[in-house]
Amino acid sequence: MRFSILAVTLTYASAASAAITWTLQKASNPTADQSEAYSRIEAAMKLAVARYSRFSSATKTIRVYYSPGVPTAEANYNGDLRFGSDRSYMTERTAMHEIAHTLGVGQTAAFDQHCAANNWPKATPLLRSWDGPNAKINCGGGHFWPYGLNYESEWSETNGDRHVQLVNAMLADGM
């Protein structure tokens with residue numbers, strides 16, 4: 001009996017440690033512009049990571065930057081995520097979209113291969129459970145849709161939840 005409790009505890013500790021973590025790189029003496037951007041970025045990242053933690057088992061360490069020269073936002077598989085100066089992109093939707101890039105969306109050969117073959121054994125059935133038997137994952141330009149949260153017009157609470165669940169299924173498919 002003692003071994004079972006220990007095994008359950010270790011399993012829980014292992015599962016609980018799987019998470020997306022992030023740090024915002026800040027100037028030591030920020031300008032007013034930087035301070036405002038940092039506040040907005042932190043709020044967006046907190047919401048996005050909380051949603052990912054509710055619906056995904058993904059693990060990633062992300063380094064977040066405020067980079068005014070970036071037109072919108074961008075991220076890559078190495079874990080760097082940059083927000084530009086346009087405040088309209090400092091949102092939960094944008095943060096979630098960019099987190100997906102850090103996890104491999106549009107960034108890995110596996111993503112490209114799954115897209116080219118339209119071979120998503122777990123993600124496609126999940127999508128069809130929401131959108132019907134003919135639904136398919138579309139890919140292009142390093143993005144996917146539906147539920148890729150590529151534009152602000154795609155945002156809703158439901159779409160946010162589905163985005164994370166679909167990314168999680170893509171990861172399970174080997175993205």
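Just so it is clear, none of the values below were taken in a lab; they were calculated from the coordinates. As the structure is a computational prediction, the values presented were derived from the model and not from experiment. Here Cβ is always computed from backbone atoms with ideal geometry, including for glycine, and neighbour counts include all displayed protein chains.
Quick one: net charge of residue 156's neighbours, Cβ under 12 Å, K/R +1, D/E -1?
Values: positive: 93, 162; negative: 92, 152, 154, 157, 161.
With Lys, Arg at +1 and Asp, Glu at -1, the neighbours total -3.
R0 = 25 Å: FRET efficiency of residue 86 with residue 23, Cβ-based, nearest 0.05? Don't jump to the answer; show the numbers that get you there.
Numbers: r = 22 Å, r/R0 = 0.89.
With a Förster radius of 25 Å, E is 0.65.
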Output the relative contact order of the chain, whole-number percent, from Cα pairs under 8 angstrom with separation of 6+ residues.
20 percent
Highest average packing first - 65-76, 93-104, 138-149, Cβ atoms within 10 Å:
93-104, 138-149, 65-76
Which of the lysines could be linked to residue 136 by a straight reach, that is with a Cα gap under 28 Å, when you skip same-chain ones fewer than 8 residues away?
60, 122
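Residue 106: net charge of surrounding residues, Cβ under 13 Å, Lys/Arg +1, Asp/Glu -1, itself excluded?
Values: positive: none; negative: 74, 98, 112.
In short, -3.
Which whole DSSP H helices in the chain pass both tests: a Cα extent of 27 Å or more along the axis and a mean Kyte-Doolittle value no lower than -0.5? Write down the numbers at each step before the final one.
Numbers: long enough: 32-55 (35 Å, -0.35).
Answer set is 32-55.
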With +1 on the Cβ of every Lys and Arg and -1 on the Cβ of every Asp and Glu, the dipole magnitude of the range 88-175 about its Cα centre, in debye rounded to the nearest 20, is 280 debye
May I ask for the distance between the Cα centers of the range 64-139 and the range 30-57, given as a whole number of Å?
17 Å
Between residue 62 and residues 5 or more places away or on another chain, the pairs with built amide H atoms under 5 Å apart involve 21, 22, 23
Count the net charge of all other residues whose Cβ sits under 11 Å from the Cβ of residue 175, scoring Lys and Arg as +1 and Asp and Glu as -1.
-1
Can you give me the pair-distance distribution of the chain, C-alpha pairs, 10 Å bins, whole percents?
10, 36, 32, 16, 6, 1
Point-charge dipole on Cβ atoms (K/R +1, D/E -1) for the range 18-172, about Cα centre, debye to 20:
400 debye
Which of 21, 45, 118, positive extreme of dipole for the chain (C-beta unit charges):
21
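Nearest 0.05, what FRET efficiency do residue 34 and residue 110 give at R0 = 45 Å with Cβ-Cβ as r? It would help to have the intermediate numbers written out before the result.
Details: r = 37 Å, r/R0 = 0.81.
FRET efficiency, residue 34 to residue 110: 0.80.
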